[in-house]
1. If you check THR185 against the conditions, is it without any contact (Cβ under 8 Å) to a residue 24 or more places away in the chain and either closer than 30 Å to VAL226 by Cα or of a type in the set (Asp, Glu) (or both)?
2. State all residues of region 56-73 that are over 20 Å from PHE125 (Cα atoms), under 13 Å from the mean Cα position of the chain (by Cα) and crowded, with 19+ Cβ neighbours inside 10 Å; if no residue qualifies, say none.
3. Could you give every pair whose Cβ atoms fall below 9 Å, whose first residue belongs to region 99-119 and is at positive phi, and whose second residue is open to solvent by less than 60 Å² (accessible area, probe 1.4 Å), counting only separations of at least 6 or pairs across chains?
4. Here's a check for you: in region 123-172, which residue that is within 18 Å of the chain's Cα centre (by Cα) and aromatic (Phe, Trp, Tyr) is surrounded by the most Cβ atoms within 10 Å (Cβ to Cβ)?
5. Name the pairs whose Cβ atoms lie under 7 Å apart, with the first residue in region 220-231 and surrounded by 18 or more Cβ atoms within 10 Å (Cβ to Cβ), the second small (Gly, Ala, Ser) and part of a loop (DSSP other than H, G, I, E, B), and 6 or more positions between them or separate chains?
6. State the number of residues belonging to region 216-235 that are hydroxyl-bearing (Ser, Thr, Tyr) and within 19 Å of the chain's Cα centre (by Cα).
7. Identify, please: which residue in region 76-93 is of a type in the set (A, V, I, L, M, F, W, C) and buried (at least 17 other Cβ atoms within 10 Å of the Cβ) and is, among those, farthest from LEU138 (Cα to Cα)?
8. Looking at VAL213, is it modelled with pLDDT of 95 or more, aliphatic (A, V, I, L, M), under 24 Å from the mean Cα position of the chain (by Cα) and more than 24 Å from LEU64 (Cα to Cα)?
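The values are calculated or read from the model by the stated rules, or taken from the named source; none is laboratory data. On a predicted model such as this, the values are computed, not experimentally measured, just so you know. Using ideal geometry, Cβ is built from the backbone for each residue, glycine included, and neighbour counts are taken over all protein chains shown. Each accessible area value is taken on the protein alone, full model and side chains, heavy atoms only, with ligands, DNA and RNA left out. Shrake-Rupley method; radii C 1.70, N 1.55, O 1.52, S 1.80 Å.
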Amino acid sequence: MAAALIVQVLSVAFGLSLVFQQADGWSAAHATYYGGSDAQGTNNGACGYANVFSLGYGTMTAALSAPLFNNGKACGACYQIRCAGDAACHSNVITVTATNLCPQGSYGGWCDSPKVHFDLAQPAFNQIANLVAGHVSLEYEKVNCARSGGIRFYVQGHTYFIQVLVYNVAGAGDVTAVSIKGSNTGWISMTNAWGQNWQTGTVLDGQALSFMVTTSDGRTVTSNNVAGSNWQYGQTFEGSQF
């Protein structure tokens, strides 16, 4: 295998983490698993995806250690991974979506900064290695996400506080900016609350809603009038897609 090259230095709360990338584009990391054989334990979490199954992410998901999670900016991103150099490895290459944070102090210390780590949903781990191993080395690279249908906008809150969960985003997958527009307003930049929840205090009741979504690769897609003027809190709307 080609010699590793240092390609990025990430600042983290307790020091510096060196991320090594192989000449073929793959980077080194480690993996464990969580969530049970049915992956039910992977629901909820730091990205705001209350039910990864109903949102379409299924069991091919991962909780990332802090250097990869990047304070939630990685939520929705896709990574191709393969087991590397362990007797327990399978030869499969799979793609997983970042849906959670594996926090500092987790069992075994594998997610502690500055480690680059994937805590995979158990069915995903089982695709790349024998479960009995518990922990394996792996290689990963960030890839574009393939999604069915348009971007989804789950609207929550009340008259003076709108919070929108943005999910099912193709392409880069990780959203860096969201704007909302009522039929009687201009574009309003939303603030990131946590994970992929975006919010504004602007009153938009009774107005048709449009959304503008930008991902980490700088691409932007606009979804015009996805919610009619009679929209209600607790509803989900489908927009355009990358």
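1. yes
2. Correct list: GLY72 only.
3. Partner pairs satisfying both residue conditions: GLY105/CYS111; GLY105/ASP112; GLY108/THR32; GLY108/GLY134; GLY108/HIS135.
4. PHE125
5. So the pair list comes out as VAL221/SER240; SER223/GLY239; SER223/SER240; VAL226/GLY239; ALA227/ALA208.
6. Residues flagged as hydroxyl-bearing (Ser, Thr, Tyr) and within 19 Å of the chain's Cα centre (by Cα) within region 216-235 amount to 2.
7. Looking at residues that are of a type in the set (A, V, I, L, M, F, W, C) and buried (at least 17 other Cβ atoms within 10 Å of the Cβ), I get ALA77.
8. Considered against the rule, which asks whether it is modelled with pLDDT of 95 or more, aliphatic (A, V, I, L, M), under 24 Å from the mean Cα position of the chain (by Cα) and more than 24 Å from LEU64 (Cα to Cα), VAL213 comes out as no.
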